[in-house]
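Participant: One structure coming up, written as structure tokens, with questions to follow.
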Amino acid sequence: MLSTVLVGTGGGVAFATAIVIATRVCRGQRARIFARVYVAAYLAFSIPSLAIGTIATHLSLAAGFAVVIVLLAALVAALPALRARASLHAVPA
């Protein structure tokens, strides 16, 4: 129960922060930024759920959670390297 409250609180704070940041964007780009925030949020919630459900139908729910957690941990671990790589290829303004 406590973990559900903590995860829900963390997700709510992260989403609220994203909305606050998006509101500070120039007026001409707000709609595009809000659309991207909502698409990212929906994908972040739906893709792991669908993956867990798909794996659970073939193996077990525990296996589904384990696989998705490992994949998400690998993604989080790779993000700094991907960001550094992207900044190397960025065109200066």
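The values are calculated or read from the model by the stated rules, or taken from the named source; none is laboratory data. Bear in mind that the values here come from a model prediction, so they are computed numbers and not experimental data. All Cβ positions, even for glycine, are placed from backbone atoms using ideal geometry, and neighbour counts span all protein chains on display. We work out accessible area using only protein heavy atoms, side chains counted, and drop any ligands, DNA or RNA first. Shrake-Rupley method; radii C 1.70, N 1.55, O 1.52, S 1.80 Å.
Participant: Just to be sure, is ARG32 more than 14 Å from the chain's Cα centre (by Cα) and of a type in the set (D, E, K, R)?
Facilitator: Numbers: more than 14 Å from the chain's Cα centre (by Cα): yes; of a type in the set (D, E, K, R): yes.
Against the criterion (more than 14 Å from the chain's Cα centre (by Cα) and of a type in the set (D, E, K, R)), ARG32 qualifies.
Participant: If you don't mind, another one. Those residues that are at pLDDT 80 or above and either open to solvent by less than 90 Å² (accessible area, probe 1.4 Å) or in contact with a Lys or Arg (Cβ under 6 Å, 6 or more places away or on another chain) (or both), I need them from the stretch 1-10; list them, please.
Facilitator: Of everything in the stretch 1-10, those that are at pLDDT 80 or above and either open to solvent by less than 90 Å² (accessible area, probe 1.4 Å) or in contact with a Lys or Arg (Cβ under 6 Å, 6 or more places away or on another chain) (or both) turn out to be VAL5, GLY8, THR9, GLY10.
Participant: Inspect the stretch 72-85 for any residue being farther than 21 Å from ALA14 by Cβ, of a type outside the set (D, E, K, R) and open to solvent by 90 Å² or more (accessible area, probe 1.4 Å) and give the result as yes or no. Even if it seems obvious, please write down each step before you answer.
Facilitator: We begin by selecting, within the stretch 72-85, every residue farther than 21 Å from ALA14 by Cβ; these are 81, 84-85.
Applying the additional criterion that residues be of a type outside the set (D, E, K, R) yields 81, 84.
From what is left, the residues that are open to solvent by 90 Å² or more (accessible area, probe 1.4 Å) are none.
Within the stretch 72-85, none of the residues are farther than 21 Å from ALA14 by Cβ, of a type outside the set (D, E, K, R) and open to solvent by 90 Å² or more (accessible area, probe 1.4 Å).
Participant: Among VAL37, VAL13, VAL20, which is the only one that is assigned to a helix (DSSP H, G or I), surrounded by 12 or more Cβ atoms within 10 Å (Cβ to Cβ) and not polar (S, T, N, Q)?
Facilitator: Of the residues listed, the single one that is assigned to a helix (DSSP H, G or I), surrounded by 12 or more Cβ atoms within 10 Å (Cβ to Cβ) and not polar (S, T, N, Q) is VAL37.
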